[in-house]
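A.B. asks: Sharing a structure, written as structure tokens. Questions coming.
The values are calculated or read from the model by the stated rules, or taken from the named source; none is laboratory data. Just so we're clear, the structure is a prediction, and the values are computed from it rather than from any experiment. So basically every Cβ, Gly included, is an ideal-geometry build from the backbone, and we count neighbours across all protein chains shown.
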Amino acid sequence: MEQAYHTAVSRVGAATLEVLAALEQAARHLDPPLLPRLRKILAPRGDALRDALDAFLDERPPDGLEELGKQLGEAAGFASRAVRQFVEPPANTGVAAILECMRLHCRALESLYPLRRALPPVARFFSEPALHERVEQLDPEPPAGVKTGILHAPGPGREGERGGFWLYVPERYDGSANWPLVVALHGGSGQGRDFLWTWLREARSRRVLLAAPSSLGPTWSFLGEDVDAARLRALVARIAEGWRVDRERVLLTGLSDGATYTLFSGLQKGAPWTALAPLSGVLHPSLLSSGALERARGRRIWLVHGARDWMFPVAVARMARDALQKAGAELSYQELPDLSHTYAREQNGPILEWFDPALAAD
């Protein structure tokens, strides 16, 4: 690689990763009163990325590196647009601007992930710290006939997204043993394509199959006719047809509406889930009136809620905690004092180790 291009790649790559990491932290601490401070933190990182991207685009890639340059430029472009959307949102857009920022953040991750084999800092970004010194072990060549990586099963809804699912099979999967499966449910108005990235780093590092489905409608169907439960059960069966799923280790988790549906669906008769981990959701009233809460007896549940949650006040979570404990659930309740209505990604590792101690990062 010519020195000038090498320098441009290193600079834009580092700036992109810094922005993506900062956006991830901003998402974790997303709370209306904190927005001015978060924007102040992100602004200089966005400026640095913009300058690095301009310099990178001015350099012509050497022969054979055109595809790398195109992919890196695309990832950096999405990241730059995402941080600009966060720091300088269009007037009168409010929450919509933040949601668009997070969507662009996920598009940047999609564009960046294929470069992990070529750029070691990217490989480390998509792995947990325990694996940073041996990231090459995460990317062996799969045996013939074994599909790994990020896969999409389209659904019947708009553009194949609604009602479909995204599946991540870690590149270390070789079909020689049964692997645990995590099914992660997005929040209201979300989609599996984006929510997959909330868990991918941990799934990749800890040998876990990961599915991120999209609800058939704008959110999960805990109001009116339940059109999602059967699809989720079929999803597990479909994945088990193509990959070796340990049916004794199938975790259902979710955020916000996805957390509410985790409990709503997870306590249905015959549900395939062996443990539930709802984050920032509520206990649906129908579980009390229908008697379904009785099925919580002996069920392993990891319940997370933020003391600063502005959508579902923490008092609601405490009521859910008390009801689940009274019903006999094997409950672990985590109340995070600094968490608003957003995803506490630092819970992923503890959830997996609670789910199965063998899933500690190695």
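A.B. asks: Quick one: how many residues across segment 192-213 are crowded, with 22+ Cβ neighbours inside 10 Å and assigned to a loop (DSSP other than H, G, I, E, B)?
C.D. replies: 2
A.B. asks: Further question on the same structure: Considering (1) farther than 16 Å from residue 108 by Cβ; (2) within 27 Å of the chain's Cα centre (by Cα); (3) in a helix (DSSP H, G or I); (4) of a type outside the set (Gly, Ala, Ser), say which one residue 6 fails and leave the rest.
C.D. replies: (2)
A.B. asks: A further question follows. Which of the residues that make up segment 98-117 are farther than 18 Å from residue 193 by Cα and crowded, with 17+ Cβ neighbours inside 10 Å?
C.D. replies: 115, 116
A.B. asks: Follow-up question, since we're still on this one. Considering segment 270-310 alone, what residues qualify as being surrounded by fewer than 20 Cβ atoms within 10 Å (Cβ to Cβ) and closer than 19 Å to residue 326 by Cα?
C.D. replies: Of everything in segment 270-310, those that are surrounded by fewer than 20 Cβ atoms within 10 Å (Cβ to Cβ) and closer than 19 Å to residue 326 by Cα turn out to be 285, 286, 288, 289, 290, 291, 292, 294, 295, 297, 298, 300.
A.B. asks: Still on this structure, I have one more. Which of the following residues is of a type in the set (A, V, I, L, M, F, W, C) and crowded, with 22+ Cβ neighbours inside 10 Å: 223, 185, 216?
C.D. replies: Unique residue meeting the criteria: 185.
A.B. asks: Pairs, please: C-beta under 6 Å, at least 6 apart or cross-chain, first residue surrounded by fewer than 19 Cβ atoms within 10 Å (Cβ to Cβ) and in segment 118-143, second of a type in the set (S, T, N, Q) and modelled with pLDDT under 95?
C.D. replies: Close Cβ pairs (under 6 Å, with a partner that is of a type in the set (S, T, N, Q) and modelled with pLDDT under 95) do not exist here.
A.B. asks: While we're here: Of all residues in segment 188-232, how many are among the charged types (D, E, K, R), touching a helix residue (DSSP H, G or I) at 6+ places or on another chain (Cβ under 9 Å) and under 22 Å from residue 157 (Cβ atoms)?
C.D. replies: Number of matching residues: 4.
A.B. asks: May I pose another question? Going by the conditions given, is residue 43 more than 30 Å from residue 280 (Cα to Cα) and either surrounded by fewer than 18 Cβ atoms within 10 Å (Cβ to Cβ) or out of contact with any strand residue (DSSP E or B) (no Cβ under 9 Å at 6 or more places or on another chain) (or both)? Before the answer, list the steps.
C.D. replies: Numbers: more than 30 Å from residue 280 (Cα to Cα): no; either surrounded by fewer than 18 Cβ atoms within 10 Å (Cβ to Cβ) or out of contact with any strand residue (DSSP E or B) (no Cβ under 9 Å at 6 or more places or on another chain) (or both): yes.
For residue 43, the condition - more than 30 Å from residue 280 (Cα to Cα) and either surrounded by fewer than 18 Cβ atoms within 10 Å (Cβ to Cβ) or out of contact with any strand residue (DSSP E or B) (no Cβ under 9 Å at 6 or more places or on another chain) (or both) - is not met.
A.B. asks: Let me ask something additional. Condition test on residue 173, is it under 23 Å from residue 212 (Cβ atoms), outside the structural domain of residue 260 (by TED's automatic domain parsing) and not in a strand (DSSP E or B)?
C.D. replies: For residue 173, the condition - under 23 Å from residue 212 (Cβ atoms), outside the structural domain of residue 260 (by TED's automatic domain parsing) and not in a strand (DSSP E or B) - is not met.
A.B. asks: Residue by residue through segment 137-148, note down the ones that are modelled with pLDDT of 95 or more and farther than 17 Å from residue 241 by Cα.
C.D. replies: 137, 138, 139, 140
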